[in-house]
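The values are calculated or read from the model by the stated rules, or taken from the named source; none is laboratory data. Note that this is a predicted model, so its numbers are computed, not measured. Methodologically, a virtual Cβ is constructed for each residue, glycine included, from the backbone with ideal geometry; neighbour enumeration extends over all protein chains shown.
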Amino acid sequence: MTIRRSAAAVGAVAFGLFALSACTKPTPLATVTVGKTSVHTEAACYDNGKSLSTADFTKCLNSTPSETVDVSSGDTVHVGVDPAIADKGWVVVVDQQGASGRLTSTYHTFSPDLVNQFFTDSSTGQQKTKVTLTIVENSGAQSYQGVWHFALQLKG
């Protein structure tokens, strides 16, 4: 190998290491699947697995979802999380109301009957056309590590 090639190889390796050091670690992903449609999102709030402050957690709960998935009456909704989320535990909240107990698996499925309940206002009985499904990483004892949001839009 010539000196030029050796120098180029060393330069490429050094540049690659520099580029990798500038990268930030991505947040774990959460996924919602309805039928053949899947949408993924990174966390609205996440601090590398550390507990969020009460103020940050409250602010995150009220943030707007970045991803929307269409849901029809009779659809099943599947929610999946990265193993890093499942290891600590997580809950599903729909429009600020608990929709699951604490989960430790990487996925959870909501039946069509339960999904239909998501779109029914419990106080008026009126049908809603859009709800926010929120995933909260929760290691227990009111310790929250991350928040992920999805909008579920009721079709026709």
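Inspect all residues belonging to the range 133-143 and state whether any of them is within 18 Å of THR33 (Cβ to Cβ), surrounded by fewer than 16 Cβ atoms within 10 Å (Cβ to Cβ), under 16 Å from the mean Cα position of the chain (by Cα) and at pLDDT below 95. No, every residue in the range 133-143 fails to be within 18 Å of THR33 (Cβ to Cβ), surrounded by fewer than 16 Cβ atoms within 10 Å (Cβ to Cβ), under 16 Å from the mean Cα position of the chain (by Cα) and at pLDDT below 95.
Identify all residues within the range 125-149 that are under 22 Å from THR54 (Cβ atoms) and not in a strand (DSSP E or B); write none if there are none. Answer for the range 125-149, where residues must be under 22 Å from THR54 (Cβ atoms) and not in a strand (DSSP E or B): ALA141, GLN142. For the criterion of being within 15 Å of PHE118 (Cα to Cα) and surrounded by 14 or more Cβ atoms within 10 Å (Cβ to Cβ), ASP82 fails. Residues of the range 92-114 that are in a strand (DSSP E or B), out of contact with any Leu (no Cβ under 6 Å at 6 or more places or on another chain) and not hydroxyl-bearing (Ser, Thr, Tyr): VAL92, VAL93, GLN97, GLY98, LEU103, HIS108, PHE110. VAL71 fulfils the conditions (1) over 16 Å from TRP148 (Cβ atoms); (2) in contact with a helix residue (DSSP H, G or I) (Cβ under 6 Å, 6 or more places away or on another chain); (3) of a type in the set (A, V, I, L, M) except for a single criterion, (2). Looking only at residues in the range 49-64 that are touching a residue at least 60 places away in the same chain (Cβ under 8 Å) and outside any loop (DSSP other than H, G, I, E, B), the one that is surrounded by the most Cβ atoms within 10 Å (Cβ to Cβ) is CYS60. Condition check for THR31 on (1) touching a Phe, Trp or Tyr at 6+ places or on another chain (Cβ under 9 Å); (2) in a loop (DSSP other than H, G, I, E, B); (3) hydroxyl-bearing (Ser, Thr, Tyr): one failure, at (2). The selection criterion, being part of a loop (DSSP other than H, G, I, E, B) and surrounded by 12 or more Cβ atoms within 10 Å (Cβ to Cβ), does not hold for SER122.
Under the condition of being touching a His at 6+ places or on another chain (Cβ under 8 Å), assigned to a loop (DSSP other than H, G, I, E, B) and modelled with pLDDT of 95 or more, the residues counted in the range 65-80 number 2. When LEU61, LEU29 are checked against the criterion of being at pLDDT 95 or above and within 16 Å of the chain's Cα centre (by Cα), a single residue qualifies: LEU29. Given the criteria more than 18 Å from GLU67 (Cα to Cα) and within 12 Å of the chain's Cα centre (by Cα), does THR120 qualify? Judged against the criteria, THR120 is not a match.
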